[in-house]
Amino acid sequence: MADDGARAAVGFARLLRDAGLRVPTGSTLTFAEALGVVGWGSADDVYWAARATLCNRPEDVERFDACFRAWFAARSGPGAHTDAPVTVDAVVALDAPGTEDGDLDVDGETPDALPILTVRFSRAETLRTRDFATYSPAEHDEARRVLADLRFAGARRRSRRLTHGGRARRRPDVRRTMRAALRTEGEPLVRAWRAPSERARRLVVLCDVSGSMEPYARVLIRFLHSAVVARTQVEAFAFGTRLTRITRELSNRDPDAAIAAAAARVVDWSGGTRIGAALHTFNVTWGMRGMARGAVVVIVSDGWDRGEPELLAEEMTRLARVAHRIIWVNPLKASPGFAPLAAGMAAALPHVDDFVEGHSIASLTELAAIVAAGDDRPRAGARR
């Protein structure tokens, strides 16, 4: 390939990367080779060679076109402007309703007078790792829109029902085999097999709404609402000094109405914390009767408990006997120098399979991945 074509390809790829496009080195080499084939006689040939090799996603076409016009508009030959790159005025703007590219101005000149590359980015990316406790009201609204799109995939478990399967299961399906033999004059040339099917495990979430969890409670309840409306077999509870079932309230598709109904039902919101007593109520009323059997149980709490640690340890032991997996979500775990020194947290931790953070959107995304992993992840110990 020619040196000037290679320099042009590298310069254009660098401009695309600065604009936010993903341009691998291999694509740059392919574009340089394409320039050696199509030449510089036709701007259309150069454009389509560049787009076919460097633009990989449909959503990048608009930014690619802006970069191409800015970089190649003044070129008339292979050696033109290879040493003096074209100056591009980049305007970085937040996504905002009603904002159009034509409304932007650079140094008092109209957009038609200068080549302007408009790069937009979403505020949600900057909020992914931010602690919920530091959010402003506007950032809370943005986080709610992001959490509305977050879904629990749900862990799977083997069912007693049988379905079509491979030979590895070694369970012949006589009915399907004989039915297929009717098409081959009674000869069973195709043998069918059966295997156990899979179904989603029940997900039980108990969320702490006490005063110490106030900076996180409403965001976590919003996240819990997304889980309830996204899939079946989800049970939601809130607890402070007592346990309240809020599955029916969170089943409303309207997030604001669902959160308001749940807040109205929970009478001890922003009060004290008695985790052991709440777990005792859950085990006696719902858990031991079947709701927690084989389920993935998620407990969202900072571990600050005014009750007796011995009661919490006893109830966690009972819950661990019937639950498939126990996940404890503590928003304070992300704090520098955190150690599970609170009496309640220390009493519960030996019975927990996964101890994760819950202070940001990124940590909740990780939680959803852990819940979805299910049986693919090793268990903590040989309790069950």
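The values are calculated or read from the model by the stated rules, or taken from the named source; none is laboratory data. Just so it is clear, the structure is predicted and the values come from calculations on it, not from any experiment. Glycine gets a Cβ as well: all are built from the backbone with ideal geometry, and neighbour counts include every protein chain shown.
Among the residues of region 263-301, those that are within 22 Å of Lys333 (Cβ to Cβ) and either outside the structural domain of Leu364 (by TED's automatic domain parsing) or crowded, with 24+ Cβ neighbours inside 10 Å (or both) comprise Thr273, Arg274, Ile275, Ala278, Leu279, Val296, Val297, Val298, Ile299, Val300, Ser301.
Looking only at region 39-62, residues that are touching a helix residue (DSSP H, G or I) at 6+ places or on another chain (Cβ under 8 Å) and of a type outside the set (A, V, I, L, M) come to 8 in all. When Thr244, Thr317 are screened for being part of a helix (DSSP H, G or I), more than 26 Å from Ser335 (Cβ to Cβ) and modelled with pLDDT of 90 or more, only Thr317 passes. Residues in region 248-281 that are free of Cβ contacts under 8 Å to residues at least 60 places away in the same chain, hydrophobic (A, V, I, L, M, F, W, C) and not in a loop (DSSP other than H, G, I, E, B): Leu250, Ala257, Ala258, Ile259, Ala260, Ala261, Ala262, Ala263, Ala264, Ala277. All conditions but one from (1) closer than 29 Å to Ala313 by Cβ; (2) assigned to a helix (DSSP H, G or I); (3) in contact (Cβ under 8 Å) with a residue 60 or more places away in the chain apply to Val284; the one that does not is (3).
Which one of these is small (Gly, Ala, Ser), in contact with a Gly (Cβ under 8 Å, 6 or more places away or on another chain) and under 26 Å from Gly294 (Cβ atoms): Ala342, Ala348? Quick ask: steps written out before the conclusion?
Values: Ala342 fails: under 26 Å from Gly294 (Cβ atoms).
Testing whether each residue is small (Gly, Ala, Ser), in contact with a Gly (Cβ under 8 Å, 6 or more places away or on another chain) and under 26 Å from Gly294 (Cβ atoms) leaves just Ala348.
Of everything listed in (1) at pLDDT 90 or above; (2) buried (at least 23 other Cβ atoms within 10 Å of the Cβ); (3) not small (Gly, Ala, Ser), the single unmet condition for Glu235 is (2).
Residue-by-condition table, conditions (1) surrounded by fewer than 21 Cβ atoms within 10 Å (Cβ to Cβ); (2) within 29 Å of Leu311 (Cβ to Cβ); (3) assigned by TED's automatic domain parsing to the domain that holds Glu357:
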position: Ser210; (1), (2), (3): no, yes, yes
position: Pro215; (1), (2), (3): yes, yes, yes
position: Phe223; (1), (2), (3): no, yes, yes
position: Ala261; (1), (2), (3): yes, no, yes
